[in-house]
1. May I ask you to list the aspartates and glutamates whose Cα is less than 14 Å away from that of K28, ignoring any residue fewer than eight positions away on the same chain?
2. In the chain, what cysteines have no partner Cβ closer than 4.7 Å?
3. In Å², and per residue, what accessible area does the chain have when probed at 1.4 Å with the other protein chains present?
4. What is the set of long-range amide H partners of N435 at a cut-off below 5 Å, with H atoms built 1.01 Å from backbone N?
5. What part of the accessible area of segment 75-203, given as a whole %, is carbon or sulfur when the probe is 1.4 angstrom?
6. Working with all protein chains in place, sort W45, W414, W56 by solvent-accessible area computed with a 1.4 Å probe, largest first.
7. At 1.4 Å probe size, what's the solvent-accessible area of R398? Round to the nearest 10 Å².
8. Subtracting the Cα-Cα distance from 0.36 nm times the residue separation, let me have the gained length for K543 to D29 in nm, one decimal.
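The values are calculated or read from the model by the stated rules, or taken from the named source; none is laboratory data. Here the structure is a predicted model, which is why all the values come from computation and not from measurement. Using ideal geometry, Cβ is built from the backbone for each residue, glycine included, and neighbour counts are taken over all protein chains shown. Just the protein is used for accessible areas: all its heavy atoms, side chains included, with ligands, DNA and RNA removed. Shrake-Rupley method; radii C 1.70, N 1.55, O 1.52, S 1.80 Å.
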Amino acid sequence: MKDIIWTPSGDYLAKSNISRFMQKHSIKDYNELVGCSTGDIEWFWDEALKDLGVEWFKPYTKVLDASKGFPWAKWFINGKINIVHNCIDRYISNPQSAIRNAFIWEGDDGAIRNISYAELNKMVCQAANALKSLGIKKGDTVGIYMPMIPEIVAAFFGCLKIGAVVIPIFSGFGSTALSTRLADAKAKVIFTADGGLRRGKQVLLKKEVDIAAKDIPSLKNIIVVKRLGLSAPAHNLQSGQPKAEVMSGASTPMTKGRDYFWDELLDKQSAECQTEVLEAEDISIIIYTSGTTGKPKGTVHTHAGCLAQMAKELGYYFDVKKDDVFFWFTDIGWMMGPWEMIGVTFFGATFVIYEGAPDFPKPDRLWDIIERHKINSLGISPTAIRLLITYGDVWLARHNLSSLRMLGSTGEPWDADSYTWFFEKVGGKRCPIINISGGTEIVGCLLSPLPITELKPCTLRGPGLGMDIDVFDDAGRPIRGGIGHLVCKKPAPSMTKGFLNDPQRYLDTYFSKWPDVWYHGDWAKVDEDGFWFLFGRSDDTIKVAGKRTGPAEIEAALIEHNAVAEAAAVGVPHDIKGETVVCFVVLNPGVVSSEALREELKAQVVKHLGKTLKPEELKFVKALPKTRSAKIVRGVIKRKYLGEPLGDISSVENQDTIEEISRAV
């Protein structure tokens, strides 16, 4: 095989969780493992959950019931379970487990808290009892609209403990996006905060909730954490960065009878609460998709489905063990937030949540966090890595990252240069990059490497375990060696139970292209060695004079040039070619735009992809519009460039950059 950059050895082969599973079932190699897990999915999920140690109040009598068809498959029939029992309760009775850190919190201002499993259990029970005191019961929906602070974890598990359904909302949304989602979900309570900190600046949240509340008829109560009104001094970073000015918690407007401060409501609650015994198919979380292409879709997930998928992925893909410290740079509004919280605590390990940006107050903030907290697994998006590359290697070289043994990524396709930098500079060529891809609608992965697999640059290696994935051509036939449609041919436990209040849209989105086949909407390719690669969303496809490509290929060609930090490519209408390519480029610091550079970059695309895909226009911008999960919103860029209505842009974090598209030169 050619282009292999990482080959597993030592503990990756001998002591990994997936090696244990393979030895138990006399599975000799990776290909046999994938074949067994996807060929008989009921066997795999049954054996995997036993191997991982999922605990049931009542065992299931049947793994899968697909009698109503793939779209409406049900899992773990008659089983009774609760995520909180598996992630918290079972660790409290053991004194050694109880004192272990469940998570470490670091604020934008440098404040740090270590929360043990015992302390988390107390916070979760008090949050659960507070909800019950407000009349919340099993099946009621509760919104969480908070910065990444310790209370967000307690609120999340507190809901799940009593069988309430969590609606996690990105803290960067404004009131309209908030009310749209919570009204659709009929939320009765919202957990929020007076505000949060982002790059040293206050981001006020309660005022957005107050505006949104007018359009959420179901809303009864708001619980507010005094994040900005905390009296405890922040632990400033070594840089001496001054902490942000704080406001008094008393200055937060509160409506009597509706609003409660977190501490005032929770402090009087009991620190003990019975965990609700739930059906396997009872709903745990409703996560809304980004909403950049129409009305946001509420994806519906169950207790057993989330637990099965997340435990499998954290356990087998990232090899999490109880002594690990795991950090995925994320927000709770992105599926990676709940995924990390559930998946890591399932193993009694420690995760890190961080309120701020990776390069604030200095470009080495992320590397500093890894070194200080001795993080073993780091997950991040390719876009964030491309940002950190622009600061050069000097900031990275100041820190000892030897604690790392696993790297992770998701969110978008990689370019080879950024992937190689992540592998060589951050991981020291000794850590595999577990490059995963799935989505909110699966709260997990369709594709993922394993710690026992060889890696090529940018690869996702192959199908996730128990995920019967394929690549189809336009006629619905399997294709190898060429780019085709990523599909899934069998159900998985964590797949959404439709879209909330819109089952037909769910069927139209995933099952209208081919009968009983999940059409995921990504371009994928399997090379001659059986390594899988992704090329972006099919709805971003660019087709010039009959030649079809994903924007990721064009963007990768541009990023390879040492002047380019980031790029976005879109297809726009053309009278003769049907479509033509327009590119928006962010240059590296110190690089000055010029006509010569513009032509040089166009030539770069021609060199890699041929004259047909030469950009019609190439424009320079200071930054690209992105979601908080760092996905470039190409649809918004295209609509802004064409002067079309933008649609819902609530998921775009840096909305000022949208105007730059029309001003680009």
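1. Straight-distance partners of K28: none at all.
2. By the Cβ distance rule, which asks for a partner under 4.7 Å, the isolated cysteines are C36, C87, C159, C306, C431, C445, C458, C488, C583.
3. In whole numbers, the chain has 37 Å² accessible per residue.
4. S409
5. C and S atoms contribute 52 percent here.
6. W56, W414, W45
7. 140
8. Numbers: separation 514, 0.36 × 514 = 185.04 nm, distance 3.96 nm.
Taking 0.36 nm per residue and subtracting the Cα distance, the gain is 181.1 nm.
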